Amino acid sequence: MARSGHRADGTVLEPFVENRYRTLPLVVGPGAERQARDFLLSSIVTPTSFLLRASILVAQRRWNLRLANGIDVRLPETDVRGAR
């Protein structure tokens, strides 16, 4: 998985990111740069919750959350807030 950051407008940053950008949420997957802002703004999980390492867009339909301890939280395609 390539690691790169992005800005709120979806601009993909270079793989080696300056320290001032390291606090931005990491998003991964085809199309993630276009969908990340809406997902992160509407999500029940904030970028600092649970030591979130990355949000991964799967098949351009749903998201997995990769936590710092290596656990993946697989969110449903719809009704993320209602997921248990």
Can you figure out the FRET efficiency of D9 with A59, using R₀ = 41 Å and their beta-carbon distance, to the nearest 0.05? 0.95
FRET efficiency, 1/(1 + (r/R0)^6) with R0 35 Å, evaluated for L24 and E77 via beta carbons: 0.90
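Just so you know, all these numbers are worked out from the coordinates, no wet-lab data involved. As the structure is a computational prediction, the values presented were derived from the model and not from experiment. Positions of Cβ are generated from backbone atoms using ideal geometry, with glycine treated the same way; all protein chains shown enter the neighbour counts.
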